[in-house]
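All of the numbers you see were taken from the coordinates with simple rules; none came from a lab. As the structure is a prediction and not an experimental result, all values here were calculated from the model. Heads up, the Cβs are rebuilt from the backbone with ideal geometry, glycines too, and the neighbour counts pull from every protein chain shown.
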Amino acid sequence: MSAELINWLAILAFILAAIAFVLEVFVFSGFGISGVIGIILVGWGVMLVAVDITQATSALVLAIIVTIIILVVGLRFMSRYNLWYRFTLQNKQYKNEGYIAPSPELAFYKGKEGIALTPLRPAGSIEVNGQRLDVVTEGEFIRPGARIKIFKVEGTRVVVKEIT
C-alpha cells in the first residue's frame, strides 16, 4: 500500500472512531458495541500511522496503563478529599418539611374533561369528577366556566386545553 493511502485510511479510522463515540454517548447510552468499535478504530488508526508495529503496540499499551493509573489515583484522591460531594446533591427532602413526591394518581386524569373554576392565565383551578385540581395551560387564557380537557400530566404539572 502506498503511504498516501495509509494516511487516508488512518484519517478515516479516526473520523469513524469519533462518530462511533458520539453515537455511544448520545444514541446508544452505556458502554456498548459502538464504544468498542470506536476503541478498535482508534487502535487501528494508530497502527496505520506508526512507523513500526512494535512501537505502535507499546505506545497503545503504555497509554492504557497510564490511563488506568490516573483513573485509580483520581478515584482515591476524590474519595479521600470528599470531592464527590461537589458532584452530588447532599440535601435530603423530608415529608415533614413540606416536600411531597408527585402523586401517581394524577396520571389517572389524563384525557378527562372538566370545568374551569377560576380564570386560567395560564394557571388556575378546575373541577374534574367532583375533584378540584391545580392546572396550567400552554399559555392561553381560559375563562371560568369553560369546558376543558386534560391532555398532559408531567409529575405534579397538569396541562389543559379548552374544548371548543
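For segment 1-76 and segment 112-134, compute the distance between their C-alpha centroids and round to whole Å.
First find each Cα centre; the distance between them is then 58 Å.
Using alpha carbons only, how many degrees (0 to 90, rounded to 10) separate the axis of helix 33-49 from the longest principal axis of the chain?
30
Which number do you get for Rg(Cα) / (2.2 N^0.38 Å) in segment 32-154?
Working: Rg = 29.0 Å, N = 123, 2.2 N^0.38 = 13.7 Å.
For segment 32-154, the normalised Cα radius of gyration comes out at 2.12.
Taking only pairs that are 8 or more places apart or on different chains, how many Lys pairs in the chain have Cα atoms under 16 angstrom apart? Present the calculation step by step, with values, prior to reporting the outcome.
On the way: Lys110/Lys149; Lys110/Lys152; Lys110/Lys161; Lys112/Lys149; Lys112/Lys152; Lys112/Lys161; Lys149/Lys161; Lys152/Lys161.
Lysine pair count for the chain: 8.
Loop only by DSSP, 14 or fewer other Cβ within 10 Å of the Cβ. Give me the trypsin sites (Lys or Arg not before Pro) in segment 1-92 that pass, ordered by residue number.
Working: sites: Arg76, Arg80, Arg86, Lys92; in loops: Lys92.
Taking segment 1-92 and a limit of 14 other Cβ atoms within 10 Å, the loop trypsin sites (Lys or Arg not before Pro) found are Lys92.
So for segment 102-162, Kirkwood radius off the Cα pairs, Stokes-Einstein at 25 °C and 0.890 mPa s: how many µm² s⁻¹?
Rounded to a whole number, D works out at 224 µm²/s.
For Ala50 and Arg157, what is the calculated FRET efficiency with R₀ set at 41 Å and r taken between the beta-carbons, to the nearest 0.05?
Working: r = 56 Å, r/R0 = 1.38.
The formula returns an efficiency of 0.15 here.
Helix 3-26 sits at what angle to the longest principal axis of the chain, using alpha carbons and giving 0 to 90 degrees rounded to 10?
The angle comes out at about 30 degrees.
Rounded, prolate or oblate: pick one for segment 1-94, where a ≥ b ≥ c are the square roots of the eigenvalues of its C-alpha gyration tensor, a/c under 1.5 means rounded, and failing that, prolate if a/b is larger than b/c, else oblate. Could the numbers behind the result be given before it?
Working: a/c = 4.34, a/b = 1.89, b/c = 2.30.
Cα axes put segment 1-94 in the oblate bin.
Angle, helix 53-80 long axis vs. longest principal axis of the chain, Cα atoms, 0 to 90°, nearest 10?
So the inclination is approximately 40 degrees.
Only helical DSSP H runs with n ≥ 4 go in: add -39500 (n - 2.57) per run for the chain, normalise by residue count and round the 222 nm mean residue ellipticity to 500 deg cm²/dmol.
Details: 3 runs with 69 residues, N = 164.
-15000 deg cm²/dmol, from helical runs alone.
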